[in-house]
Amino acid sequence: MVTVTEKSAQQYERSEQSEQYEVIVVGGGAAGLSAALVLGRARRRTLVVDAGEPRNAPAAHMQGYLSRDGMSPAAFLDVGREEIARYGVELVRDRVVDVTRGDGFAVRLAGEGRTVRARQLVVATGLTDELPPVPGVAERFGRDVVHCPYCHGWEVRGQAFGVLASTPMSVHQALMVSQWSQDVTLFLHTVAEAELTDQDLRRLAAAGVRVVPGAVAGLVVEEDRLTGVRLEDGRVHDREVLFVAPRAVPRTDLLARLGAEMSETPFGTYPVVDGRGLTTVPGLWAAGNASGFAEQVVNAASRGYRAGAAINGELLMADLDRAVAAGDVVAEAPGAAAAGMPAARR
């Protein structure tokens, strides 16, 4: 088995060569590892800085990723780390505390304040889920308290669902999860009945979703499984699964600090990127959930791959253009070699 190249900051040599990379990837999730894999295979000296805080850590399995369906997130990341190590990509368990831009990027790590440098920087730091402050929700999250029907719906199909409404979009969530169960109750919680439109009410009725007004006080758990939802008035509704809508908090402070243009969306503030993941700052890239809210694991990996390939092309063309500008090459006319003319000088 390939040994993953993981080192603490203290274990790195402090020579200038060991501190200089072509690309630094901040974030060791699906997007970051995918970008690093492409770059490693392209023979680019690459460093991945991973704080070890994956968003999907509470989940026992990840779903919907072809050939990896049902795999645990931890096992998925282990395999990814082994794969990038095969191509000489280094991975350090550390946290970025500062980053500056000049001739490339200087990234300061928490470990002893060590600074590493690179020509290009990929931010794949993802986001965090801020859960509704209802007692029991955080403790059960990823088990019988879930948020995504595409991630968890099949595993809990046919059970008694509850949906905790914390925004008007929770109506949409309740309608969606009715695809996986005919027993769905929408607890309005912090959403007033008056906020529901006539169309909302008609759709909920058509989907067979019951609507229960009133704030939720907490969850009922028996023998380590969810059995009910308790309202503030003391009533308990038997439920086996509760869907919630976490507030997504993007980890995009590094991008903003470097001057990337940011865009306000209903799901948080994200960088403006092109189709490859390049921000408005040259050499600065965003991938995975650092570039948008709706990236599942398979999408994040795709985004990382796309960014990695684009970065390699950018570096290659920059090096070739620099050589041309320095006069290190002489262009050879088409057919010159066949005519016996001297080859181009490099």
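The values are calculated or read from the model by the stated rules, or taken from the named source; none is laboratory data. Quick caveat: nothing in here was measured; it's all calculated off a predicted structure. For neighbour counting, all protein chains shown are included, and Cβ atoms are generated from backbone atoms with ideal geometry for every residue, glycine included. Note: areas computed on protein heavy atoms with side chains; ligands, DNA, RNA excluded. Shrake-Rupley method; radii C 1.70, N 1.55, O 1.52, S 1.80 Å.
Applying the set (1) under 23 Å from S291 (Cβ atoms); (2) open to solvent by less than 30 Å² (accessible area, probe 1.4 Å); (3) under 21 Å from the mean Cα position of the chain (by Cα) to G104 leaves exactly one unmet item: (3).
Within segment 293-327, restricting attention to residues that are under 21 Å from V89 (Cα atoms) and among the basic types (K, R), the residue that is farthest from the chain's Cα centre (by Cα) is R306. Return yes or no: is V122 crowded, with 18+ Cβ neighbours inside 10 Å, under 18 Å from the mean Cα position of the chain (by Cα) and assigned to a strand (DSSP E or B)? Against the criterion (crowded, with 18+ Cβ neighbours inside 10 Å, under 18 Å from the mean Cα position of the chain (by Cα) and assigned to a strand (DSSP E or B)), V122 qualifies. G158 falls short on exactly one of the conditions (1) buried (at least 16 other Cβ atoms within 10 Å of the Cβ); (2) touching a Phe, Trp or Tyr at 6+ places or on another chain (Cβ under 8 Å); (3) in a loop (DSSP other than H, G, I, E, B), and that condition is (1). Out of curiosity, is V221 in a loop (DSSP other than H, G, I, E, B), among the β-branched types (V, I, T) and either farther than 17 Å from R140 by Cα or open to solvent by 20 Å² or more (accessible area, probe 1.4 Å) (or both)? In short, no. Taken over segment 127-154, the criterion of being open to solvent by 20 Å² or more (accessible area, probe 1.4 Å), touching a strand residue (DSSP E or B) at 6+ places or on another chain (Cβ under 6 Å) and part of a helix (DSSP H, G or I) is satisfied by H152 alone.
Considering (1) under 29 Å from Y150 (Cα atoms); (2) open to solvent by 60 Å² or more (accessible area, probe 1.4 Å); (3) within 17 Å of the chain's Cα centre (by Cα), the lone condition that R95 does not fulfil carries the number (1). Filtered by the rule that a residue be modelled with pLDDT under 95 and surrounded by 15 or more Cβ atoms within 10 Å (Cβ to Cβ), segment 8-30 gives A9, Y12, E19.
If only one of L37, L33, L47 is at pLDDT 95 or above and open to solvent by 20 Å² or more (accessible area, probe 1.4 Å), which one is it?
From the options L37, L33, L47, the qualifying one is L37.
Scan segment 64-89 for residues that are of a type in the set (F, W, Y) and either open to solvent by 60 Å² or more (accessible area, probe 1.4 Å) or in contact with an Asp or Glu (Cβ under 7 Å, 6 or more places away or on another chain) (or both) and jot them down. Scanning segment 64-89 gives a single hit, Y87. For segment 50-57, indicate whether the set of residues that are in contact with an Asp or Glu (Cβ under 7 Å, 6 or more places away or on another chain) and either outside any loop (DSSP other than H, G, I, E, B) or closer than 19 Å to Q296 by Cα (or both) is non-empty. The answer is yes, given that some residue of segment 50-57 is in contact with an Asp or Glu (Cβ under 7 Å, 6 or more places away or on another chain) and either outside any loop (DSSP other than H, G, I, E, B) or closer than 19 Å to Q296 by Cα (or both).
Among the residues of segment 320-330, is there at least one that is out of contact with any helix residue (DSSP H, G or I) (no Cβ under 6 Å at 6 or more places or on another chain) and either part of a strand (DSSP E or B) or at positive phi (or both)?
Our first condition is that a residue be out of contact with any helix residue (DSSP H, G or I) (no Cβ under 6 Å at 6 or more places or on another chain); within segment 320-330, this holds for 320-328, 330.
With the extra rule that they be either part of a strand (DSSP E or B) or at positive phi (or both), the set shrinks to 327.
For segment 320-330, residues out of contact with any helix residue (DSSP H, G or I) (no Cβ under 6 Å at 6 or more places or on another chain) and either part of a strand (DSSP E or B) or at positive phi (or both): present.
The set of residues from segment 233-253 being open to solvent by less than 20 Å² (accessible area, probe 1.4 Å), assigned to a strand (DSSP E or B) and either polar (S, T, N, Q) or closer than 21 Å to F161 by Cβ (or both) comprises V241, L242, F243. All conditions but one from (1) outside any loop (DSSP other than H, G, I, E, B); (2) closer than 30 Å to T125 by Cα apply to T227; the one that does not is (2).
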